[in-house]
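Chemist: First the structure, then my questions, so here it is.
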Amino acid sequence: MTGKPGRNDPCWCGSGKKYKKCHEAFDEKLDGLRAKGLPVLSRSLLKTPEQIEKIKESCRINVAVLDYVAAHIGPGISTARIDEWVHQETVRHGGIPAPLNYNGFPKSVCTSIDHVVCHGIPSEKEILKEGDIINVDVSTIYNGYFSDSSRMFCIGEVSPEKRALVDTVRECVEIGLSKVQPWTPIGNMGHAVNMYAEEHGYKVVREIGGHGCGLEFHEDPWVSYTSEEGSGVIMVPGMVFTIEPMVNMGGAAIETDQEDGWTVRTKDRLPSAQWEIMVLVTENGHEVLCW
Ligand code: MF3
Ligand code: CO
């Protein structure tokens, strides 16, 4: 729905209020930004209160699945086992694992160990051992609504260098989150992430970023974590997107496995870490929907 209702007609957001008493001023603000040439998402990607409630139901499952993984992961566990848990727990809650068959992805979750940056494919042959760091990236479809978040897990004792990387990426996400404020450009968030990572001597992956999420798995905008201050779409209430920087201990360069077409590794084979949260832009700031 993109046309504007009459002033006395019900608002497009589903509140039941008259348009003039509800989102008319909001739409005028958006039109004002567009008239100034500022990039603003199309209204079809801004979530209504009703859609936000549905997205939150999906997010609750995503969080529960990751909590299950957190409670069971450890040395000796294969990544195929993690895939089984994710599938079983998602379905038990009435959801569908979004990665399964997504563009041909063969499993229900991405598991990315050490120098695997993202999109690692779970395997029987891959057994977690003490000292590994692993990203487990879970995405759920529930009732047609999407959620997406990932966490890092340190298996037993890990080296101080890996621990510092994992901790810093988490801080990057928090610092990026603090920049999620309505009516400001999304590039400020990515810029803050990049600055913090670089201050710690790390490099942020440039080619793979975050995304809008909720009505689809991956929606506009594409989200960079190496962006310039003042760049990118203006964040407005109702926007939902991920903060998911991939941060490398060595260089920023990555390569995709030519055989499986999915596994992304650092070129220098030094470790990489990532956390992913899904965020809603609100009237006064933001709300984290899943983590
Ligand atoms: N969950 C990933 C993301 O954060 C996407 C994975 S796509 C898959 O956007 F097919 F590999 F699952
Ligand atoms: Co994502």
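Chemist: So for the chain, taking the charge dipole from beta-carbon charges (+1 Lys/Arg, -1 Asp/Glu), which of GLY261, GLY95, PRO237 sits furthest toward the positive end?
Modeler: The residue sitting most towards the positive pole is PRO237.
Chemist: If r is the Cβ-Cβ distance from LYS17 to THR282 and R0 is 25 Å, what FRET efficiency results, to the nearest 0.05? If you can, show how the numbers build up before the last one.
Modeler: Numbers: r = 18 Å, r/R0 = 0.74.
The value I calculate is 0.85.
Chemist: Under 14 Å Cα to Cα from LYS4, which aspartates and glutamates show up? Leave out anything in the same chain fewer than 8 places away.
Modeler: Cα-Cα hits under 14 Å: GLU24, ASP27, GLU28, ASP31.
Chemist: Let me know the whole percent of all Cα-Cα pairs from the range 3-113 that are separated by more than 24 Å. It would help to have the intermediate numbers written out before the result.
Modeler: Numbers: 3089 of 6105 pairs.
Summing the P(r) of the range 3-113 above 24 Å gives 51 percent of all pairs.
Chemist: Within the range 115-134, what residues put their amide N at less than 20 Å from the label point 7 Å along the Cα-to-Cβ vector of GLU255?
Modeler: 115-121, by backbone N distance to the label point.
Chemist: Now for a separate question. Please label the shape of the range 42-290 as rounded, prolate or oblate, based on the square roots a ≥ b ≥ c of the eigenvalues of the alpha-carbon gyration tensor (a/c under 1.5 means rounded; beyond that, a/b larger than b/c means prolate, else oblate). Intermediate results must be reported in sequence, preceding the final value.
Modeler: Numbers: a/c = 1.76, a/b = 1.16, b/c = 1.52.
It comes out oblate by the Cα gyration axes.
Chemist: If you don't mind, another one. Say R0 is 45 Å: what FRET efficiency, to the nearest 0.05, do ASP167 and ASN143 get from their beta-carbon distance? List each step's numbers first, then the result.
Modeler: Details: r = 36 Å, r/R0 = 0.79.
The value I calculate is 0.80.
Chemist: Using only the Cα atoms of the range 222-288, what are the Rg and Dmax in Å?
Modeler: So, for the range 222-288, Rg and Dmax equal 15.4, 47 Å respectively.
Chemist: Set the Förster radius R0 to 35 Å, insert the Cβ-Cβ distance between ALA35 and ASP9 as r into 1/(1 + (r/R0)^6), and round the FRET efficiency to 0.05.
Modeler: On the way: r = 24 Å, r/R0 = 0.68.
Using R0 = 35 Å, I get an efficiency of 0.90.
Chemist: Roughly to the nearest percent, how much of the accessible area of the chain is carbon and sulfur, given a 1.4 Å probe?
Modeler: Values: 6370 of 12680 Å².
It is 50 percent, rounded to a whole number.
Chemist: Now for a separate question. Would you compute, from DSSP H runs of 4+ residues alone, the mean residue ellipticity of the chain at 222 nm, taking -39500 (n - 2.57) per run and dividing by the full residue count, rounded to the nearest 500? Show your work: numbers first, answer last.
Modeler: Details: 5 runs with 82 residues, N = 291.
Dividing the helical sum by the residues of the chain leaves -9500 deg cm²/dmol.
Chemist: Hey, another quick one. Probe of 1.4 angstrom, ligands and nucleic acids ignored: what's the accessible area per residue over the chain, in square angstrom? Each step should come with its number before you reach the end.
Modeler: Details: 12680 Å² over 291 residues.
About 44 Å² of surface per residue is accessible.
Chemist: Pull up the cross-link candidates among the lysines for LYS267, meaning alpha carbon to alpha carbon under 16 Å and not fewer than 8 places away within one chain.
Modeler: List returned: LYS203.
The values are calculated or read from the model by the stated rules, or taken from the named source; none is laboratory data. If you're wondering where the values come from, they're calculated on a predicted model, not measured in any experiment. For neighbour counting, all protein chains shown are included, and Cβ atoms are generated from backbone atoms with ideal geometry for every residue, glycine included. Please note that ligands, DNA and RNA were not included when accessible areas were found on the heavy atoms of the full protein model with its side chains. Shrake-Rupley method; radii C 1.70, N 1.55, O 1.52, S 1.80 Å.
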